[in-house]
Amino acid sequence: MLSIKNIHANIEGKEILKGINLEIKAGEVHAIMGPNGSGKSTLASVLAGREEYEVTEGEVTFLEKDLLELSTEDRAREGLFLAFQYPVEIPGVSTTNFIKAAVNEKRKYQGEEPLDAVAFLKIMKQKMALVEIDQSLLSRSINEGFSGGEKKRNEVFQMAMLEPKLAILDETDSGLDIDALRIVANGINKLRNENRAILLITHYQRLLDYIQPDYVHVLYNGKIVKSGTKELALELEDKGYDFITDEADLAASL
Amino acid sequence: MTNVNYFKDQFEQLQDSGPATAITELRTDGFDTFNKSGLPTYKLEEWKYTNISSLFDKEYQFANDAQAVQLSDIDAIRLAGYEQANELIFVNGRFIPALSTIRSAASQLIILTLEEALKGEYQELVKTHLGQSSIYLKDGIHALNTSFIQDGLFILIPKGQQLTQPVYIYHIADARQQNTLSQPRSLIFVEENAKLQLTETYTTLGTAESFTNEVLEVVVKENAFVEYYKIQHDGLNASQVGSTHIHQIGRSYVHTVVVSLNGGVIRNNLNLILDAAGNETHLYGLYLLKGKSHVDNHTLVDNKQPNCFSNQLYKGIAGDASTGVFSGRIIVQPDAQKTNAYQSNKNIILSDQATINTKPQLEIFADDVKCSHGCTVGQLDEEAMFYLRARGIPKEAAEVLLLEAYAADILVQIKPEPLRNHIAELIYEHLSIS
Ligand SMILES: Nc1ncnc2c1ncn2[C@@H]1O[C@H](COP(=O)(O)OP(=O)(O)O)[C@@H](O)[C@H]1O
Ligand SMILES: [Mg+2]
């Protein structure tokens, strides 16, 4: 579904991604872990099409299309979804209207009729139950005054509404207490299926106690320095990042 | 300026057309001032950013054939809520009773031409208050309006009348045959304990150029309540200087919202003269500029008495090659202790060719006052744009969503719901068409 080949990316002239390779197939859940500042969010932003990042080398194919050629909105409408590490507050734009607009834009792109108010509300009710989000949040402006946990829950709710083919979840677990983490992880698990791929970006292994990944990759200093199965995450938990990063630093210095 | 001889002929004809009255005297004073001052140029501080004198190269003329405008022309431009409204129609600057609809009882709403008002029981009011704005607006364009006062309105809401039906004034300029100059002039009295909701809107018919040079004077007495809405959504061929001079002579409440969507060169003067202790006034403005539109809002709040409160919030968006100007002047006179005066002007620039000029002016001559002012010029929030686009909302639609949200806190200040919804739709359409 997603094939990343040797991606290099800069921001403000500084190289952040230094040759990333990654293959993700439908139905798989991949976790990317790594210390702060290693480039995890940069990778997510590059995939979602953020214009500040300049891709200097490499290619990305998403569902047989050249992803880097598509606008941000077309990537979304093709089925790529990014749950933001820091969801943006947008005063004055109602969450419900925004999500309705997003759902109908996607339908339009796929040649479907827009949902009418009744059909939309019905789907919304189902998905609200799925991710345990409260109606009162959705009638407010987008993320305005939401707590950290509410923002993350809203991201997962949007994922549920938009039914993406590939969901990239950037530290959706950070800033959550244990109850909120369980609710968010449950929501994500319910959205897991054989047609959908999920890329979990996380700093801590604790999310992976709830969502079992098929593969785990360690991103360090703009490169994937180690890949493995979920046991790699446990090993990281046990030994810390140092055992990998020291190795990588050593290799780089040789 | 090429129109001088034309104006002179027209002025003389008008003066000769009837007996000498207080109005002919006013006109003479006006024309003297006009001859001395000419049209304002950018050399005047107050006109630094807005050049109207060059517009007069277009040789605007007065159009007298009001018959050419039909009721059907008005049907096309009615504002929501009109079924309940008193609709007053001006064509080419002159009140046309035949096209107007007055729904309120004569005991609630008195409507006369200024000439009629001068003959009866209101003559002292007219003599005292008509022309008071020239104390503040001393330039030639204001004087040009005064030089040609004719078929303007005198409107009075008598004591204790809480007028439930709003007053809508439609200014229609007929530019189907020629470049047209319209100069509406009205005087409104809101008596003690009375209430008025007033909305003005402007429409140019035809494709020639129109220039509307309006002066509206409003006098507000003790315990009166006035809401004033001005909606500017005319063609690019329509330019305007609109002066609204509100004199709060009794302790009263005034709430104004000026919305400018489309137009050529627009200058709005809004004066609030707080001439009684404890006056309260709110001034809101929204300008959403595209193409080559030029909108200049000049506000003046003159605190003459103690304990007055005023709050101003003007928000603007400048796209394409448009220009927005805001100049907010607050005067606190020596007697005006305990004044609270606040002012804020916020702008978003959408293009490299767009310009915003913003200038607060505080002149404070009392010591125990609270005044604040601030202005910002920024851009659309990139983070928010990316967030919306990352959900599949196209760039243009995302921009409209954010701009609508930006406009929302001015929109909510339009209190009557039908009018607010109507303006919301106009804003949406205006922002959606690129
Ligand atoms: N807008 C930016 N401008 C400059 N540097 C940036 C910007 N965004 C991220 N970086 C830098 O890129 C590196 C990777 O950041 P990021 O992708 O956010 O890491 P992670 O998500 O793994 O914590 C960091 O060194 C960070 O300082
Ligand atoms: Mg990050």
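Values quoted throughout were computed directly from the atomic coordinates according to the rules given, and no laboratory measurement underlies them. As the structure is a computational prediction, the values presented were derived from the model and not from experiment. Backbone-built Cβ (ideal geometry, glycine too); neighbour counts: all protein chains shown.
For the reader, a short list of remarks on this structure follows.
- Distances between placed amide hydrogens fall under 5 Å for residue B:240 paired with B:212, B:265, B:266, B:267, all partners being 5 or more residues away or on another chain.
- Put the Cα centre of the stretch A:204-237 next to the Cα centre of the stretch B:220-287 and the gap is 63 Å.
- Computed from backbone phi, the HN-Hα couplings of the stretch B:405-414 come to 4, 5, 6, 4, 6, 8, 3, 5, 7, 7 Hz, rounded to whole numbers (Karplus: 6.51 cos²θ - 1.76 cosθ + 1.60, θ = phi - 60°; Gly and Pro given as x).
- Going by neighbour counts of Cβ atoms within 10 Å, the residues B:95, B:365 line up, fewest first, as B:365, B:95.
- Magnitude of the charge dipole for the stretch B:3-276, about its Cα centre and with charges confined to Cβ atoms of Lys, Arg (+1) and Asp, Glu (-1), is about 440 debye.
- Between the stretch B:325-398 and the stretch A:165-202, the alpha-carbon center distance in angstrom: 41 Å
- Taking the fewest neighbouring Cβ atoms within 10 Å as the starting point, the ordered list for B:142, B:282 is B:282, B:142.
- Long-range HN-HN contacts of residue B:180 with modeled amide H, under 5 Å: B:61, B:209, B:210, B:211
- Evaluating 6.51 cos²θ - 1.76 cosθ + 1.60 at θ = phi - 60° for every residue in the stretch A:133-149, the Karplus couplings come out as 10, 8, 3, 4, 5, 6, 8, 8, 5, 4, 6, 5, x, 5, 6, x, x Hz, glycine and proline recorded as x.
- When only alpha carbons are used to place a centre, the stretch B:1-45 and the stretch B:187-216 end up 22 Å from one another.
- For residue B:163, the residues whose modelled amide H falls within less than 5 Å of its own, excluding neighbours fewer than 5 places apart on the same chain, are B:195.
- Simple rule: put +1 on each Lys or Arg Cβ and -1 on each Asp or Glu Cβ in the stretch A:2-253, find the dipole, and look at A:222, A:250, A:120; the Cα lying farthest toward the positive end is A:120.
- Here the gap between residue B:277 and residue B:103, fully extended at 0.36 nm per residue and compared with their Cα-Cα distance, gives a gain of 59.2 nm.
- Taking B:375, B:308 and counting other C-beta atoms within 10 Å, the order from fewest to most: B:375, B:308
- Residue A:55/residue B:364 FRET efficiency (R0 56 Å; Cβ-Cβ; nearest 0.05): 0.50
- Backbone phi angles across the stretch B:21-34, fed through the Karplus curve with coefficients 6.51, -1.76 and 1.60 (θ = phi - 60°), yield HN-Hα couplings of 9, 4, 6, 5, 5, 4, 4, 4, 4, x, 5, 4, 4, 4 Hz in residue order; Gly and Pro are listed as x.
- Mean separation of Cα contacts under 8 Å (6+ apart) over length of chain A, as relative contact order %: 27 percent
- Under 11 Å, Cβ to Cβ, from residue A:145 - net charge with Lys/Arg +1 and Asp/Glu -1: -1
- All other residues whose Cβ lies under 12 angstrom from that of residue B:296 are scored, Lys and Arg at +1 and Asp and Glu at -1, for a net of +2.
- Remark: relative contact order (chain B) = 10 percent; criterion is Cα-Cα distance under 8 angstrom and separation of 6 or more residues.
- The stretch B:3-276 shape via C-alpha gyration tensor axes, a/c threshold 1.5: rounded
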